[in-house]
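**Student:** So that we are looking at the same thing, I have put the structure below in structure tokens.
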Amino acid sequence: MDSPFLVFATVLVALVIAVLWRRRLEAAATGRIVTERSRAVAQGSHKARLQYPSVDLTNCIGCGACVRACPEDGVLQLAYGQAVVVHGARCVGHGLCASSCPTSAIALTLGDLKDRRDLPTIDHDLQAIGRPGLFLAGEITGFALIRTAVTHGAQVARAAKQRLAASPQDASIPDLLVIGLGPAGLSCMLAAKELGLHAVGVDQAEALGGTVAAYPRRKLVMTQPMDLPLHGRLKRLEYTKEQLVALWQELARTHELQVHLGVTVERIEQREDGAFAVVVAGRLMVAKNVCLAVGRRGTPNRLGVAGEELPKVAYSLLDAESYRDRHILVVGGGDSAIEAALALAEQPGNTVALSYRKAFFSRLKAKNEKRIQAAMADGLVRSCMATVVEEITPDEVVIRAVDATGAEQADERDDNATAGGVAVATQRLPNDHVFVFAGGKPPFPLLETAGVSFDPANRPADGAQLERGTGLLLAMCLTLVGLVALIAIRHAYADYFDLAPAWRSASSLHEILRPQSRLGLTVGVVAVVLFLSNLLYLIRRSLRLGRYLPGSLKRWMNMHVATGLGACLLAVLHSGFSIRDSAGGHALLTMIIVVAAGVVGRWFYAFVPRAQNGRQQGIDEVGTQVAAIASEWDLSGRGLNAEARRLVESSVDQARIGRNFFSRIFGLVRSQWELGRKLKQFSVHARNDGMPAHRAGRILRLAKRSHRLALQLAYYDDLRSLLSTWRWMHRWLAVLLLTLTVVHIVSAVRFGDVDFGLLLGAAGK
């Protein structure tokens, strides 16, 4: 064994050791993230009630830009080299993660809308399905961020303008009636004024601002810039509620907006001519378009206990500094409740207790959760977790213990019994004020009478979910053509290529087919060009350099596959179908290993759960599909159907994907082989039992799909870890290949008989 081969083998072994060591360190960090997400899932904080970031793992390059951009701690983390949503409930919809992602792999979503019956069905113009001219904006659509509400309001005004242009109506009635004058409604009014529309606004509150006006004093309500119609860019990073409401009031006066405050909308109906008849405080108003910007809170939820009608019970806190030397109970476990409890606890002489029906907080911002836990530990806020209010009296409040899920315990009366500050049964607390933050009843009845649908079946299909081609099939077809051509060349000149490399110089074909010939050099140069083009994919995935290359990541991936396979085929032809113990031979061997690893990697990716558009899916989406598959099995009847289902389940159980790279590969291969063997036996049994071929085929297809989904669900984290290891190894093998290629070219030019003048001469001709 010569020294060059020893050097090559040593470098390869060192690379493998480095990969394994690096992966062990990454696995430890990832393990902590996975554990944290498991805790979030158990507490219900992994998904928000409304918007939260959705990560397209197909395009995620693991740069961490989204993690750094998110102002809310713990929403996004990096696991297995890619972004993952950990505490989705902490997301408030800033959208900074999406805007900072260099590959557009993140989007704010409302989750799987197929099962959401608390969100109105609207089109892309925010228009209610089946009710042309009836628009919804702001929080009622599911997005609570002020900036989003402002954007919605302006969007509705533009859509109303387009609708009016398409079908002009009576000029004597307003073009637009805006119901609700919070951020969305005021933005809609300002945008309508800017577009020359006659708009009228109404609100049941006595002042402008909507929900924002009811926030506590000096509360920060906006932390990022936004564009406001007729005003321009709000460039300040922080606005208190007083500052923002004052700005809205000033704009309403300056632009003479036609608004009516302190009035209630009772009914909305659409007339035959397309206009809307709206009953406001007993008076009929008619408008060509209507914008519902009413928010989601609506009427505050009441506790339904005796004494709730007392004047000391409130459902909002405007000024914590007004309360001193008081016994106060705050009810609720959301951010509003926590912020109120902390603000009240800071005032001199106050004793503050916090009652929440669950044993833990599941939907708090990270900052609020840390602050309330510290306040409870320091005794500033009395913890009454897993309790509900049973009765309110002028001087006391009675709270009752429930279990961790919020269900009431048995009626065990033991006044003042506590365990570590947490109620065990019934407690009586001295009390001067009760603040209830239990959410509100959304104004859904008003929307439903207006014709707004909440039926998921009426939602328009998301174009992003439609199946699209990846272009990979074309790359594989071109590679197949190249492979056939390579085999044909090998067969046509078998007399030369069958000779040992040392004996080829005696052949008459040597000057034509040797690597240093004009043909050989041309093939080699093209192979190098394809290889360098192949490396551009890594640059496209780079955070800093990727923005300089046009095109989607998916197209660059297809090119990566095509150029990699093409370069390998040409390199084999350039070498004369022989691997020598030289830098060039080692480069060719490494290239073959890299290509083989790429093929294996594509096989790995077949196990990654994907939507119809190719987007990688999260574990929650896979779980939903598995449940659907189980239902499909149940509807298929018994007999051989049940037998096929048992074959799938046993195959998945026997996969036993291990904790290291190679054992995971073996587990997947073994599971696929086992399933194929068992399904062949099933086919024989089906034919023997006289089962029709079409039914047997359907069961086999269902079995294969079930097997893949079950593997994805059972070994989701293992599969992601496997892919992460493969990507890292594949990347460093490419670096080794690049190094050997450079060494080969330098050696051939300096020490070989390479004459690039042959190529120049060929180009001149």
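**Student:** Answer yes or no as to whether Ala464 is assigned to a helix (DSSP H, G or I) and at pLDDT below 80.
**Tutor:** It is true that Ala464 is assigned to a helix (DSSP H, G or I) and at pLDDT below 80.
**Student:** Being without any contact (Cβ under 8 Å) to a residue 24 or more places away in the chain and assigned to a loop (DSSP other than H, G, I, E, B) is the requirement here; does Ala165 meet it? Steps first, please.
**Tutor:** Numbers: without any contact (Cβ under 8 Å) to a residue 24 or more places away in the chain: yes; assigned to a loop (DSSP other than H, G, I, E, B): no.
Spelling it out, it is not the case that Ala165 is without any contact (Cβ under 8 Å) to a residue 24 or more places away in the chain and assigned to a loop (DSSP other than H, G, I, E, B).
**Student:** Follow-up. Pairs only if they're at least six apart or on different chains, beta carbon under 6 angstrom, first in segment 549-566 and closer than 19 Å to Val735 by Cβ, second crowded, with 21+ Cβ neighbours inside 10 Å and modelled with pLDDT under 80; list them, first residue then second.
**Tutor:** Matching pairs, first to second residue: Trp556/Arg540.
**Student:** Considering each of Lys288, Lys241 in turn, give the residue that is buried (at least 18 other Cβ atoms within 10 Å of the Cβ), closer than 23 Å to Leu318 by Cα and of a type in the set (Lys, Arg).
**Tutor:** Answer to the check: Lys241.
**Student:** Okay, next question. Tell me which of these Arg147 doesn't satisfy, since it passes every other one: (1) within 24 Å of Glu206 (Cα to Cα); (2) buried (at least 24 other Cβ atoms within 10 Å of the Cβ).
**Tutor:** So Arg147 meets the others, but not (2).
**Student:** When you look at Gln258, is it more than 16 Å from Leu134 (Cβ to Cβ), surrounded by fewer than 18 Cβ atoms within 10 Å (Cβ to Cβ), polar (S, T, N, Q) and modelled with pLDDT of 90 or more, yes or no?
**Tutor:** Yes, satisfied.
**Student:** Hey, can you tell me all the residues within segment 240-287 that are out of contact with any helix residue (DSSP H, G or I) (no Cβ under 7 Å at 6 or more places or on another chain), under 17 Å from Ala184 (Cα atoms) and part of a strand (DSSP E or B)?
**Tutor:** Across segment 240-287, the qualifying residues are Gln258, His260, Leu261.
**Student:** Across segment 348-366, what is the number of residues that are farther than 18 Å from Ala42 by Cα and either loosely packed, with under 15 Cβ neighbours inside 10 Å or of a type in the set (Val, Ile, Thr) (or both)? Give the steps one after another, and end with the answer.
**Tutor:** Of segment 348-366, the ones farther than 18 Å from Ala42 by Cα are 348-355.
Still in the list and also either loosely packed, with under 15 Cβ neighbours inside 10 Å or of a type in the set (Val, Ile, Thr) (or both): 348-349, 351-352.
Going through segment 348-366 one residue at a time, the tally reaches 4.
**Student:** Only one of these is within 36 Å of the chain's Cα centre (by Cα), more than 21 Å from Thr449 (Cα to Cα) and assigned by TED's automatic domain parsing to the domain that holds Ala345: Ser316, Ser322. Name it.
**Tutor:** Of Ser316, Ser322, the one residue that is within 36 Å of the chain's Cα centre (by Cα), more than 21 Å from Thr449 (Cα to Cα) and assigned by TED's automatic domain parsing to the domain that holds Ala345 is Ser316.
**Student:** Which one is surrounded by the most Cβ atoms within 10 Å (Cβ to Cβ) among residues in segment 75-101 that are modelled with pLDDT of 80 or more and assigned to a loop (DSSP other than H, G, I, E, B)?
**Tutor:** His87
**Student:** I need every pair where a residue in segment 692-703 that is among the acidic types (Asp, Glu) has its Cβ under 9 Å from the Cβ of a residue that is surrounded by 14 or more Cβ atoms within 10 Å (Cβ to Cβ), sequence separation at least 6 or different chains.
**Tutor:** none
The values are calculated or read from the model by the stated rules, or taken from the named source; none is laboratory data. Worth saying up front: this structure is predicted, and the values here are computed from it rather than measured. So basically every Cβ, Gly included, is an ideal-geometry build from the backbone, and we count neighbours across all protein chains shown.
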